[in-house]
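Visitor: Starting off with a structure, shown below.
The values are calculated or read from the model by the stated rules, or taken from the named source; none is laboratory data. Keep in mind that what you see is a predicted model, and the values were worked out from it rather than measured. Using ideal geometry, Cβ is built from the backbone for each residue, glycine included, and neighbour counts are taken over all protein chains shown. Remember, those area values only see protein heavy atoms, side chains included, never the ligands or the DNA or RNA. Shrake-Rupley method; radii C 1.70, N 1.55, O 1.52, S 1.80 Å.
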Amino acid sequence: MTQSLHPAAAQGFSLAAALYENVRPSYPNAMTTWLLQELNLSSHSHIVDLGAGTGKFLPYLQPISAHINAVEPIAEMLAQLADNFPDIATFQTKSEQLSFPDQTMDAVICAQSFHWFANPTALAEIYRILHPHAALGLIWNQRDCRVNWVKALADYIAPLERDTPRYHNEQWKKVFENQNLFDIVSLKVFPQQHIGTVEQVVSKRLLSTSFIAALPQDEQQHLKQQFEKIVFDYTGLRPHEEICFPYETFAYHFKKLP
């Protein structure tokens, strides 16, 4: 069974690929150590960056290995990646139709992506291409809603999500129930900060969210104003002033079962 791309991803990310590249946060520097020590990657490792988007996670893989394959189904996102990382092998395909031979990869990494294709077909494809006992790494940056203005923003946009796959609703975890392909090894959580102007790291960052990027421009501009108003009401900071947007990065290590 081949899964279709969710409309929010297909439309939102194709329209906002450049915005996504410019305003999304990076990942903690500790991710490279996590990849080396937790997933046991090395210079000999063959790695798939699955759902690679514009390549936001590639700077953490490149210092480890030159054998990286970036897979992304949306052409506009892949074009951004290819511009920024011309030496990376790219494949425009879905996670349910990977073009790699059986048991040829040492790790599959899904950074900010697995919730889009958390289905049995994709999981079986990931299993097929991995060496025995190889690693599946799932990574997500999540807004730290323990901070009051961050929680207010999350509450404001929640009604817009509808049926869009999201990390925080944990629906993606269901694919690991009643299966004998992967077992979880560990979950590590790292603090992360995104520093910049309110407009750049808050309002434009939220506009790059799939289901918001798919909205008409006039609705997006209204939302942008509301985001900036919420930040001002809580912090007194205006769009051109600097702010620190707090995140937590969740890193899951799964291993392939025999």
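Visitor: Amide H to amide H under 5 Å from T93: which residues, 5+ apart in sequence or cross-chain, H placed 1.01 Å off N in plane?
Guide: Answer set, sorted by chain and number: E72.
Visitor: What dipole magnitude, in Debye to the nearest 20, does the chain give about its Cα centre under +1 on Lys/Arg Cβ and -1 on Asp/Glu Cβ?
Guide: My answer is approximately 360 debye.
Visitor: Probe radius 1.4 Å, ligands and nucleic acids left out: which of S43, S14 has the largest accessible area, and how do the rest follow?
Guide: Values: S43 70, S14 35 Å².
Output order, biggest surface exposure first: S43, S14.
Visitor: Okay, moving on. Rounding to the nearest 20 debye, state how big the charge dipole of the stretch 7-100 is about its Cα centre with +1 on each Lys and Arg Cβ and -1 on each Asp and Glu Cβ.
Guide: 100 debye
Visitor: Further, regarding this structure: Computing the accessible area with a 1.4 Å probe over protein heavy atoms, can you report the carbon and sulfur percentage for the stretch 52-149?
Guide: C and S atoms contribute 49 percent here.
Visitor: Something else: Taking 2.2 N^0.38 Å as the expected size of a compact globular protein, what ratio does the Cα radius of gyration of the chain give against it, to two decimals? Each step should come with its number before you reach the end.
Guide: Details: Rg = 18.1 Å, N = 258, 2.2 N^0.38 = 18.1 Å.
Output field value: 1.00.
Visitor: When the Kirkwood radius is taken over all Cα pairs of the stretch 185-258, what Stokes-Einstein diffusion coefficient follows at 10 °C and 1.306 mPa s, in µm²/s?
Guide: 111 µm²/s
Visitor: Continuing with this model, one more query. Would you be so kind as to identify which of A251, Q200, S210 lies farthest towards the positive end of the dipole of the stretch 195-258, taking Lys and Arg as +1 and Asp and Glu as -1 on Cβ and the Cα centre as origin?
Guide: A251
Visitor: Taking a 28 Å limit on the Cα-Cα distance, which of the listed pairs K56/K151; K174/K204; K94/K255; K56/K224; K173/K256 fall beyond it?
Guide: Working: K56/K151 25 Å; K174/K204 32 Å; K94/K255 22 Å; K56/K224 23 Å; K173/K256 16 Å.
Correct reply: K174/K204.
Visitor: Give the relative contact order (percent, whole number) for the stretch 36-76; include only Cα pairs under 8 Å separated by 6+ residues.
Guide: 48 percent.
Visitor: Now for a separate question. Send over a whole-number figure in Å² for the accessible area per residue of the chain, probe 1.4 Å. Could you put the intermediate results ahead of the total?
Guide: Values: 11750 Å² over 258 residues.
So the chain comes to 46 Å² accessible per residue, rounded to a whole number.
Visitor: Scan the chain and note any complete DSSP helix (H) whose C-alpha atoms cover at least 18 Å along its axis and whose Kyte-Doolittle average is 0.0 or more.
Guide: 148-161
Visitor: What is the dipole size for the stretch 142-258, taken about its Cα centre, with +1 at each Lys and Arg Cβ and -1 at each Asp and Glu Cβ, in debye to the nearest 20?
Guide: 380 debye
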